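K.L.:
To start, I am sharing the structure in question, which I have written as structure tokens.
The values are calculated or read from the model by the stated rules, or taken from the named source; none is laboratory data. What you see is a predicted model, and the numbers here were worked out from it, not measured in a lab. Please note: Cβ atoms are built from the backbone with ideal geometry, for glycine as well, and neighbour counts cover all protein chains shown.
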């Protein structure tokens with residue numbers, strides 16, 4: 001049964017893509033909330049320098065030391081960027097934009113000088129190819145298991161364990177680093193631990209999906225989940241679920257239209273983000289439009305109540321508190337005036353005489369008008 005699983009290319013494509021997505025998204029949730037998701041792009045490029053330096057030192061391309069060297073290069077990128085930012089001469093985005101191109105250019109220069117004949121190049125690191133990831137296998141017992149599956153399985157487990165074990169600390173450090181320090185935590189150390197794992201995940205994802213899709217998987221699923229919920233734990237789980245769905249959906253779409261598997265996975269992630277942007281229950285564009293429309297309607301009803309309450313009992317009430325007068329006195333079109341009056345009546349705040357000759361406040365409407373006017377009377 002396991003042999004059939006490992007020998008099935010389709011299952012391998014989806015499983016490897018899902019592992020990369022889960023590993024990236026659980027870390028990306030905190031990077032997105034911290035506003036430091038740009039570091040993902042920087043790390044995914046600058047780790048090439050660590051890979052090249054380890055190759056020059058050991059002569060091996062698939063050495064475990066590659067992960068350590070790449071992670072160190074990623075942390076170096078973050079450290080130098082933070083150092084420039086702390087000088088207050090540059091903003092964070094400008095500092096990142098200066099550091100990682102320099103390290104990436106140095107890596108490319110070293111490759112051109114000393115590693116021309118080695119499979120370390122920009123295409124291999126940036127693009128990857130999921131369709132060939134299952135062909136590179138390692139023997140585990142009597143099974144030939146894709147190397148990317150083993151690597152990403154271990155990395156995904158490490159990322160999930162890190163987030164699970166330090167969830168409260170990460171949550172506090174993300175939303176209030178000052179309070180975290182006051183309580184004895186070390187938010188800066190947690191941040192560098194998060195980025196260290198991000199660097200390791202980026203290196204593990206290179207052979208399978210490349211840096212470009214990795215960046216999308218770190219940012220897009222958590223961002224989409226954030227549009228759907230304000231609960232952090234739901235955002236972390238939701239980001240992983242979106243990555244799983246995008247892996248299966250992206251593979252199916254890639255086979256249907258005969259296009260890049262990794263590219264289509266990124267497209268499906270983008271479509272999910274677009275759907276969340278429009279349809280999110282609280283932060284989605286449609287929900288915000290409906291909320292704004294409802295708030296405007298409520299404001300118009302309050303305006304009507306205040307108008308009626310202000311003129312209630314005076315000699316002009318007969319003329320002012322008539323439905324036909326609202327168009328002139330409140331500058332409302334006739335249709336809007338009818339709609340506001342109908343809404344106020346439906347809420348039990350206003351009653352009207354036949355033909356709208358006179359509008360009257362109910363007890364509830366009078367109390368609501370007082371509540372609106374009370375803050376102004378205190379001034």
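K.L.:
Between residues in region 364-377 that are assigned to a helix (DSSP H, G or I) and residues that are exposed (fewer than 13 other Cβ atoms within 10 Å of the Cβ) and modelled with pLDDT of 90 or more, which pairs lie under 8 Å by C-beta distance while being six or more apart or on different chains?
P.N.:
Listed by first residue and then by second, the contacts come to 364/348; 365/348.
K.L.:
Can you find even one residue in region 4-16 that is closer than 27 Å to residue 177 by Cβ, out of contact with any strand residue (DSSP E or B) (no Cβ under 6 Å at 6 or more places or on another chain) and part of a helix (DSSP H, G or I)?
P.N.:
no
Here is a yes/no grid of residues against (1) at pLDDT 95 or above; (2) crowded, with 18+ Cβ neighbours inside 10 Å; (3) assigned to a helix (DSSP H, G or I):
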site: 138; (1), (2), (3): no, no, no
site: 145; (1), (2), (3): no, yes, no
site: 148; (1), (2), (3): no, yes, yes
site: 155; (1), (2), (3): no, yes, yes
site: 174; (1), (2), (3): no, yes, yes
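K.L.:
Could you please find all residues in region 326-348 being in contact with a helix residue (DSSP H, G or I) (Cβ under 6 Å, 6 or more places away or on another chain) and either more than 12 Å from residue 300 (Cβ to Cβ) or surrounded by fewer than 14 Cβ atoms within 10 Å (Cβ to Cβ) (or both)?
P.N.:
327, 334, 348
K.L.:
Six or more apart or on different chains, Cβ atoms under 7 Å: show the pairs whose first residue is in region 146-175 and outside the structural domain of residue 33 (by TED's automatic domain parsing) and touching a residue at least 40 places away in the same chain (Cβ under 8 Å) and whose second is surrounded by fewer than 19 Cβ atoms within 10 Å (Cβ to Cβ) and in a helix (DSSP H, G or I).
P.N.:
Sorted first by the residue in region 146-175, then by its partner, the list stays empty.
K.L.:
Specify which of the listed residues (21, 69, 97, 74) is over 22 Å from residue 219 (Cβ atoms) and assigned to a helix (DSSP H, G or I).
P.N.:
69
K.L.:
Restricting attention to region 278-293, does a residue exist that is within 30 Å of residue 332 (Cβ to Cβ), in contact with a strand residue (DSSP E or B) (Cβ under 9 Å, 6 or more places away or on another chain) and not assigned by TED's automatic domain parsing to the domain that holds residue 31?
P.N.:
no
K.L.:
So, one more: Is region 213-230 home to any residue that is over 30 Å from residue 69 (Cβ atoms) and over 15 Å from the mean Cα position of the chain (by Cα)?
P.N.:
Looking through region 213-230, none of the residues is over 30 Å from residue 69 (Cβ atoms) and over 15 Å from the mean Cα position of the chain (by Cα).
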